[in-house]
Amino acid sequence: MSRDDANAAGTSLHFPQLDRRIPARADESVFQSARRHGVRIVGACGGRGTCGSCIVQVSSGAVERIGAQVGDASDERYGGKRWMRACQVRPRGDVSLEIAPRSLAPVARAEIDTGADDERLPNDPAVTSRDLALAPPTLADPLSDAERVRRALALPHAVFDLTTLRALPRMLREQQWALRVRLRGDEVVDVTARGRPALGLAIDLGTTNVAGFLLDLDSGVRVAGLGIENPQATWGADLISRLNHAIQGDAQAAELRDAARIAINALAHDLTHAVGARCTDIVDVVICGNTAMHHLLLGLPVRQLGRSPFVAAAREGIDAKAPDLGIAVAAGSWVHVVPNIGGFIGGDHVTALLATESEWRSRRTSVVMDIGTNTEISLIHDGVIRSASSPSGPALEGGHIGCGMRAADGAIERVTLDDQGRLVVRTIGDEPAVGLCGSGVLDALATMHRAGLVDARGRLAHAHPAIVPHEGKRAAQLAPGVVFTQADVRAVQLAKAAIRTALDLLLDEAGIDAASIERFLIAGSFGAYIDIGSAIAIGMLPPLPIARYAQVGNAAGQGVRLMLASRAARRQAAELAQACRPLELSTRSDFQRSFVANIGLPPLASA
């Protein structure tokens with residue numbers, strides 16, 4: 001059957017585990033067809049064929065390898081099954097596939113600070129509510145509906161959002177001239193029935209995960225929180241993969257913008273549903289994210305951002321109407337997108353600095369580090385904030401690791417040695433191991449180094465009970481079906497070297513050494529779960545006393561909540577973004593030398 005014939009015949013992909021059958025095109029890979037129809041198959045490299053994470057098994061039907069000729073020896077027809085990369089094969093007729101457990105595992109730690117609590121934040125929101133009782137018009141008092149509201153508000157120059165103005169006449173008459181008005185300064189952004197809550201939505205738009213928080217704007221109380229995986233991950237776990245996709249054309253950029261919008265709207269829906277409210281009760285939104293997330297959401301061009309000298313289209317905070325961004329909340333609402341610092345140092349780092357300010361302001365020298373796919377670091381010394389972005393990649397969050405996965409049930413999160421020197425693993429949820437998440441990746445390398453499975457240069461041992469053959473090469477067996485390969489070791493070495501080099505160069509810029517750091521704040525979902533000792537043991541963090549380190553959780557999420565609750569916090573965030581001095585690492589002549597020096601693992605005596 002030719003590819004055209006297959007298309008005409010209605011080629012389909014069947015995923016029994018999901019009870020899904022989707023149409024497929026014979027000119028695109030299994031991975032591309034799955035992505036187009038919202039079937040999640042992990043693909044850290046975005047389908048370029050470089051990571052090996054998008055593995056599937058073909059249960060029935062025929063596929064061909066991309067680049068092969070139809071009918072040659074590369075065609076695969078299945079009775080027996082084996083794992084293969086979904087991005088490297090395309091269907092020849094109807095195909096039934098099984099997805100690897102690592103792709104199917106539900107997220108367990110998409111956000112470390114979720115759920116409702118009684119957190120009470122400063123109560124100075126940008127949007128306030130006023131309950132009005134108006135006299136209906138008469139021939140003697142024929143003011144327009146808008147004028148009657150202005151008079152009741154004692155704001156003669158109040159302006160109306162057009163959508164709100166369209167809803168005003170009906171709302172006044174349905175509510176017998178008593179209603180609740182939402183004000184943003186002198187603008188009426190929403191009118192509703194008395195008794196409806198005034199909610200705000202704070203979003204931390206991360207590269208890997210998206211966290212949403214719902215606040216009661218009248219009281220400053222946080223009422224709900226939820227974290228989900230960023231659906232943009234389908235186009236790659238790292239920022240460069242997504243930027244490269246976006247610059248291919250307007251349609252590709254729209255795909256990434258829509259993915260971010262869909263995630264935010266899903267959080268708005270689920271959070272309001274959880275508290276018995278409606279999306280239209282959300283009347284203010286604040287969003288933080290790194291510079292790439294900021295640009296992709298706003299529809300700003302990213303070509304110049306992904307190429308040296310990595311110039312942003314805009315650094316300042318942006319205010320836009322919710323409908324203009326496709327965000328499904330009250331139609332008159334504004335969305336405030338947090339300002340960036342520069343390059344890839346984004347608004348999420350601004351909010352992390354805001355949330356931890358009381359910690360670092362009180363000391364002469366502090367570090368705030370948010371470890372992730374894009375690690376952002378600020379060194380605060382003598383009141384000067386120096387900031388850098390480290391392209392650490394997704395390895396430390398399980399991406400680009402052969403058996404890597406998100407933090408889900410069955411993910412290995414701890415690797416230790418028993419009394420006999422054997423590797424022992426612990427999984428999230430105490431489920432059978434199906435892969436490695438970020439904290440497990442760090443532990444695996446640190447423990448393997450301590451056990452002699454990996455030498456100081458990162459080479460796997462030739463002879464050790466835990467070393468097994470894997471695809472013609474050596475690998476460490478962590479659990480049945482879960483291995484840590486030489487390529488995985490190298491990926492972690494590169495990631496940790498990038499982070500340590502950024503820190504070392506910031507210290508050099510300030511003219512101090514690591515021993516001067518009095519407080520080292522580690523932020524982010526990943527940073528909350530890592531073992532500090534393991535991070536020191538592999539050389540990712542400096543060998544400071546453990547007491548100087550503090551894992552502060554999702555500081556970006558805390559900071560964006562503060563900005564939602566407080567106009568003063570928004571002003572402070574803008575001042576922090578302007579005060580930071582960004583360091584572009586590539587401009588340093590010693591960057592490469594420092595990076596190479598940090599690739600190796602520290603001697604065991606200093607671990």
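The values are calculated or read from the model by the stated rules, or taken from the named source; none is laboratory data. Because the structure is a prediction, the values reported are computed rather than measured. Quick reminder, even Gly has a Cβ in these numbers, built from the backbone with ideal geometry, and neighbours come from all protein chains shown. SASA here: full protein model, heavy atoms, side chains in, ligands and nucleic acids out. Shrake-Rupley method; radii C 1.70, N 1.55, O 1.52, S 1.80 Å.
I'm told Glu575 meets every condition in (1) modelled with pLDDT under 95; (2) open to solvent by 70 Å² or more (accessible area, probe 1.4 Å) except one. Can you identify the failing condition by its number?
(1)
Please go through segment 382-426 and give me each residue that is assigned to a strand (DSSP E or B) and open to solvent by less than 10 Å² (accessible area, probe 1.4 Å), ordered by number.
Ile385, Ser387, Ala388, Ser390, Gly404, Ala408, Ala411, Ile412, Val415
Given the criteria in contact with a helix residue (DSSP H, G or I) (Cβ under 7 Å, 6 or more places away or on another chain) and of a type in the set (D, E, K, R), does Glu518 qualify?
yes
Can you tell me which residues in segment 155-170 are more than 15 Å from Leu183 (Cβ to Cβ) and either out of contact with any helix residue (DSSP H, G or I) (no Cβ under 6 Å at 6 or more places or on another chain) or open to solvent by less than 30 Å² (accessible area, probe 1.4 Å) (or both)?
Across segment 155-170, the qualifying residues are Leu162, Thr163, Arg166, Ala167, Arg170.
Restricting attention to segment 447-462, and to residues there that are assigned to a loop (DSSP other than H, G, I, E, B) and open to solvent by 10 Å² or more (accessible area, probe 1.4 Å), which single residue is nearest to Gly421 (Cα to Cα)?
Across segment 447-462, the extreme among qualifying residues is Ala451.
Quick test of your reading of the structure: Pro432 fulfils all but one of (1) over 23 Å from the mean Cα position of the chain (by Cα); (2) crowded, with 22+ Cβ neighbours inside 10 Å; (3) more than 16 Å from Thr485 (Cα to Cα). Name the failing condition by number.
Checking Pro432 against (1) over 23 Å from the mean Cα position of the chain (by Cα); (2) crowded, with 22+ Cβ neighbours inside 10 Å; (3) more than 16 Å from Thr485 (Cα to Cα), the one that fails is (2).
Which residue is farthest from His381 (Cα to Cα), if the candidates are limited to segment 585-605 and must be open to solvent by 70 Å² or more (accessible area, probe 1.4 Å) and not hydrophobic (A, V, I, L, M, F, W, C)? Write out each step before concluding.
The first filter runs over segment 585-605 and keeps only residues open to solvent by 70 Å² or more (accessible area, probe 1.4 Å), leaving 586-587, 589, 592-593, 596-597, 603-605.
Now restrict to residues that are not hydrophobic (A, V, I, L, M, F, W, C): 586-587, 589, 592-593, 603.
On the way: Ser586: 22, Thr587: 21, Ser589: 23, Gln592: 25, Arg593: 25, Pro603: 30 Å.
Here the answer is Pro603.
Is it the case that segment 460-471 has a residue that's touching a residue at least 24 places away in the same chain (Cβ under 8 Å), farther than 22 Å from Asp531 by Cβ and more than 25 Å from the chain's Cα centre (by Cα)?
Looking through segment 460-471, at least one residue is touching a residue at least 24 places away in the same chain (Cβ under 8 Å), farther than 22 Å from Asp531 by Cβ and more than 25 Å from the chain's Cα centre (by Cα).
Filter segment 101-143 down to the residues that are at pLDDT 75 or above, surrounded by 12 or more Cβ atoms within 10 Å (Cβ to Cβ) and over 21 Å from Val283 (Cα atoms) and list them by number.
Pro101, Ser103, Leu134, Pro137, Leu143
Identify, please: which residue in segment 156-173 is touching a strand residue (DSSP E or B) at 6+ places or on another chain (Cβ under 7 Å) and among the β-branched types (Val, Ile, Thr) and is, among those, nearest to Pro136 (Cα to Cα)? Full working, then the answer.
To start, the set of residues in segment 156-173 that are touching a strand residue (DSSP E or B) at 6+ places or on another chain (Cβ under 7 Å) comprises 158-161, 164, 167-168, 171-172.
After this cut, where a residue has to be among the β-branched types (Val, Ile, Thr) as well, the list is 159, 164.
Details: Val159: 21, Thr164: 19 Å.
If we take residues in segment 156-173 being touching a strand residue (DSSP E or B) at 6+ places or on another chain (Cβ under 7 Å) and among the β-branched types (Val, Ile, Thr), then Thr164 is nearest to Pro136 (Cα to Cα).
Show the residue pairs meeting these rules: Cβ distance below 8 Å; 6+ apart or different chains; first residue within segment 580-594 and within 14 Å of Ser387 (Cα to Cα) and in contact (Cβ under 8 Å) with a residue 60 or more places away in the chain; second residue open to solvent by less than 70 Å² (accessible area, probe 1.4 Å) and assigned to a loop (DSSP other than H, G, I, E, B).
As it stands, the answer is Cys580/Ile341; Pro582/Ile341; Pro582/Gly343; Glu584/Phe310; Glu584/Gly343, since those pairs meet every condition given.
Can you name every residue in segment 344-377 that is in a strand (DSSP E or B), crowded, with 24+ Cβ neighbours inside 10 Å and in contact with a His (Cβ under 7 Å, 6 or more places away or on another chain)?
Of everything in segment 344-377, those that are in a strand (DSSP E or B), crowded, with 24+ Cβ neighbours inside 10 Å and in contact with a His (Cβ under 7 Å, 6 or more places away or on another chain) turn out to be Asp370, Glu376.
Pairs only if they're at least six apart or on different chains, beta carbon under 6 angstrom, first in segment 349-365 and farther than 12 Å from Gln558 by Cβ and modelled with pLDDT of 95 or more, second open to solvent by 10 Å² or more (accessible area, probe 1.4 Å) and part of a helix (DSSP H, G or I); list them, first residue then second.
Filtered contacts from segment 349-365: Thr365/Ser516.
Condition first: in contact with a strand residue (DSSP E or B) (Cβ under 7 Å, 6 or more places away or on another chain) and either under 17 Å from Glu376 (Cβ atoms) or surrounded by 19 or more Cβ atoms within 10 Å (Cβ to Cβ) (or both). Now tell me which residues in segment 480-504 satisfy that.
Scanning segment 480-504 gives Val482, Val483, Phe484, Thr485, Val489, Ala498, Ile499, Ala502, Leu503.
Please verify whether segment 536-544 includes one or more residues that are within 21 Å of Ser362 (Cα to Cα) and either open to solvent by 40 Å² or more (accessible area, probe 1.4 Å) or at pLDDT below 95 (or both).
No: segment 536-544 contains no residue that is within 21 Å of Ser362 (Cα to Cα) and either open to solvent by 40 Å² or more (accessible area, probe 1.4 Å) or at pLDDT below 95 (or both).
Between residues in segment 545-566 that are over 17 Å from Ile228 (Cα atoms) and residues that are assigned to a helix (DSSP H, G or I) and basic (Lys, Arg), which pairs lie under 7 Å by C-beta distance while being six or more apart or on different chains?
Hits for this filter: Met563/Arg570.
Going through Arg261, Arg242 one at a time, which residue ends up being in a helix (DSSP H, G or I), open to solvent by less than 10 Å² (accessible area, probe 1.4 Å) and farther than 25 Å from Ala193 by Cα?
The match here is Arg242.
List the number of the failed condition for Ile428; all other conditions in (1) farther than 21 Å from Ala528 by Cβ; (2) of a type in the set (A, V, I, L, M); (3) in contact with a Gly (Cβ under 8 Å, 6 or more places away or on another chain) hold.
Ile428 satisfies all of (1) farther than 21 Å from Ala528 by Cβ; (2) of a type in the set (A, V, I, L, M); (3) in contact with a Gly (Cβ under 8 Å, 6 or more places away or on another chain) except (1).
Conditions first: (1) assigned to a loop (DSSP other than H, G, I, E, B); (2) crowded, with 24+ Cβ neighbours inside 10 Å. Arg307 passes all but one, so which condition is the exception?
(2)
Just to check your reading of the model, which residue among Arg307, Arg222 is within 25 Å of Arg182 (Cβ to Cβ) and among the basic types (Lys, Arg)?
Just one listed residue meets the conditions, Arg222.
Report the residue count in segment 310-331 for those that are open to solvent by 20 Å² or more (accessible area, probe 1.4 Å), assigned to a loop (DSSP other than H, G, I, E, B), over 21 Å from His349 (Cα atoms) and touching an Asp or Glu at 6+ places or on another chain (Cβ under 9 Å).
Final tally of qualifying residues: 2.
Could you count how many residues in segment 217-226 are open to solvent by less than 20 Å² (accessible area, probe 1.4 Å) and at pLDDT below 95?
Step one: list which residues in segment 217-226 are open to solvent by less than 20 Å² (accessible area, probe 1.4 Å), which gives 217, 220, 222, 224-225.
Going one step further and asking which of them are at pLDDT below 95, we end up with 220, 222, 224-225.
Total meeting the criteria: 4.
Just give me the residues in segment 177-186 being open to solvent by 20 Å² or more (accessible area, probe 1.4 Å) and either among the aromatic types (Phe, Trp, Tyr) or in contact (Cβ under 8 Å) with a residue 60 or more places away in the chain (or both), in sequence order.
Correct list: Trp177, Arg184.
Condition test on Ala211, is it farther than 22 Å from His400 by Cα, surrounded by 21 or more Cβ atoms within 10 Å (Cβ to Cβ), within 19 Å of the chain's Cα centre (by Cα) and modelled with pLDDT under 95?
On the way: farther than 22 Å from His400 by Cα: yes; surrounded by 21 or more Cβ atoms within 10 Å (Cβ to Cβ): yes; within 19 Å of the chain's Cα centre (by Cα): yes; modelled with pLDDT under 95: yes.
For Ala211, the condition - farther than 22 Å from His400 by Cα, surrounded by 21 or more Cβ atoms within 10 Å (Cβ to Cβ), within 19 Å of the chain's Cα centre (by Cα) and modelled with pLDDT under 95 - is met.
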